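Here, each number is a calculation from the coordinates, and none is a lab measurement. Computed from a predicted model, the values in this text were never measured in an experiment. We place every Cβ from the backbone using ideal geometry, glycine too, and count neighbours over all the protein chains shown.
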Amino acid sequence: MNLEQFRRFHGYNPYHFWGMSNSKCPVSSACNTVVYEYAWQKSDAINRHAIREALARAKNLIYQNTGWPIERTWISRLVPYPQLADKSMRRIDNTDITGRRLAIRLPDGYIRQLGSERLELLTSGTPALTDNNNDGLLDTFTLTVNVGSNIPETSIEVYFQDADVPEGKRKVEPVSVSIVNGTATITGKSWLLVRPILYEKALPEPLDPDDTSIYAQILDIYRHDTKTDGQTEDDCMAVLYWETLPYPDCAVPTNQNSADPAALASAIARGAVRDARHGFVTVGESVFDTTTSQWVEKNWSANRPPDRVLIRYEAGVQQTDAVPGQNRRWDDIVIMLATAELPERDWGCDIANKSLYHYQFDLARAAGDEQFRIGNELLANPLGTKRGQLEAWRAIVSEPLRGAIML
């Protein structure tokens, strides 16, 4: 979920939302306004920074109350290795009662795949701006670059260059990507390319959308996905850890004896997702055979189960299966909740302001002749009683339980 999705949801003028105006897209009445970057640039008015913060807060609230992230997210978790209920007994191998590898339950649901996050610069390119709807305003950008072979379209992301942003990285989103024979064609809306550093002025004025100098001249193209072939402990799927045994054993693996209670032995492991929705995965110690270029599983190095395992993975709701049997769009739910979290609602008196008002209205209060019958259990939800918060809570509680523990 991003600012452009928020704008589309509420139906706000794209040029005005992104700080632009001229005679072709004028602020024509007191009911319209240009949106600025920060609250201090225009008091008592909604701003893009506040919307970003509200979207992040909404996604985090849903994550806290469901146990899975809304967007694809890369996570590293250090979790205990499954142990027998009878602590006087110890496993002798990595199998369960069905003969399969032991299942490890992660704290998160909707696991997409195991592996470490990869964000690498592929190339840079110059976007071309066009007027696709013949209204006299530049509305579309197209960027064509060579990204190489075997790169999925979903892995391509576009970023502003460092000189165009005040700090950190700033992604251009949403964009459409098509790759044919290693050549990527990337398209998006022109207003997304306004250089963020221009929004930092103490006394801002609306930017002119006809002035091509306000748009980024060069964009960086990155590959952002999950690396599944890492061969070191820094980038592999998983790492097994053993503590040293207490005196008189004082050993980890037989070939790594240590009398230091603080010492740890480790081994690279690979794994698979067994139950993506409920967060069950499997791992096994592995080595990479350079002769055959294949991974090979091996027995535990320490001749006993690991104590802990570090697992790296990508997680996030797939929009098409967020709630089986329903067509709920979690990105819309996030926007509804974020709208309710916003402190201001000064977008004039157009349809966008009505949309903001709708999701910010507090259903726990009575206003004039209006009365609302809301169940006490719904009013007591941890998110709040505004319409956007209630819609989000209904979506959260409609999710089935994450399942029972698998041994």
Q: For the chain, build the charge dipole from Cβ charges (+1 Lys, Arg; -1 Asp, Glu) around the Cα centre, then report which of 13, 232, 389 sits farthest towards its positive end.
A: 389
Q: Can you check what the net charge comes to around residue 311, using other residues whose Cβ is under 15 Å from the Cβ of residue 311 (Lys, Arg +1; Asp, Glu -1)?
A: 0
Q: Pop the C-beta distance of residue 86 and residue 297 into the FRET formula with R0 = 22 Å and round what comes out to the nearest 0.05.
A: 0.25
Q. Of 169/354; 59/298; 42/386; 169/298; 59/87; 189/354, which ones are farther than 30 Å apart at the Cα?
A. 169/354; 59/298; 169/298; 59/87
Q) Relative contact order (percent) for the stretch 117-227, with alpha-carbon contacts under 8 angstrom and 6 or more residues of separation? A) 40
(Q) Between helix 330-341 and the chain, what is the angle of the helix's C-alpha long axis to the longest principal axis, kept within 0 to 90° and rounded to the nearest 10? (A) 60
Q) How long, wide and thick is the stretch 117-227, going by the Cα atoms along their three principal axes, in whole angstroms, largest first? A) 45, 35, 17
(Q) Projecting each Cα onto the charge dipole of the chain (Lys/Arg +1, Asp/Glu -1 at the beta carbon, about the Cα centre), which of 102, 283, 198 comes out farthest on the positive side? (A) 102
Q: Report, in degrees rounded to the nearest 10, the 0 to 90 angle that the Cα long axis of helix 48-66 makes with the longest principal axis of the chain.
A: 40
(Q) Need the full-extension length gain, residue 176 to residue 154, defined as separation in residues times 0.36 nm minus the C-alpha distance. One decimal, nm. (A) 7.0 nm
Q) Counting Lys +1, Arg +1, Asp -1, Glu -1, what net charge surrounds residue 94 among other residues with beta carbon under 15 Å of its beta carbon? A) +4
Q.
Just to verify a number: FRET efficiency for residue 57 and residue 198, C-beta to C-beta distance, R0 = 22 Å, to 0.05?
A. 0.25
Q) So what is the relative contact order for the stretch 89-172, in percent, with contacts set as C-alpha pairs under 8 Å and at least six apart? A) 14
Q) Around residue 166, with a cut-off of 15 angstrom between Cβ atoms, what is the net charge of the other residues, counting Lys and Arg +1 and Asp and Glu -1? A) +2
Q: Please work out the Cα convex hull volume for the chain and give it in Å³ per residue.
A: 210
Q: Hey, can you grab everything whose amide H is under 5 Å from the amide H of residue 263? Only 5+ residues off in sequence or another chain; H modelled, so Pro and N-termini drop out.
A: 244
Q: Please check which bits of the stretch 164-208 a label hung off residue 228 would reach, taking the label as a point 7 Å along Cα-to-C-beta and the cut-off as backbone N under 18 Å.
A: none
Q. If contacts are Cα pairs under 8 angstrom and at least 6 residues apart, what is the relative contact order of the chain in percent?
A. 24
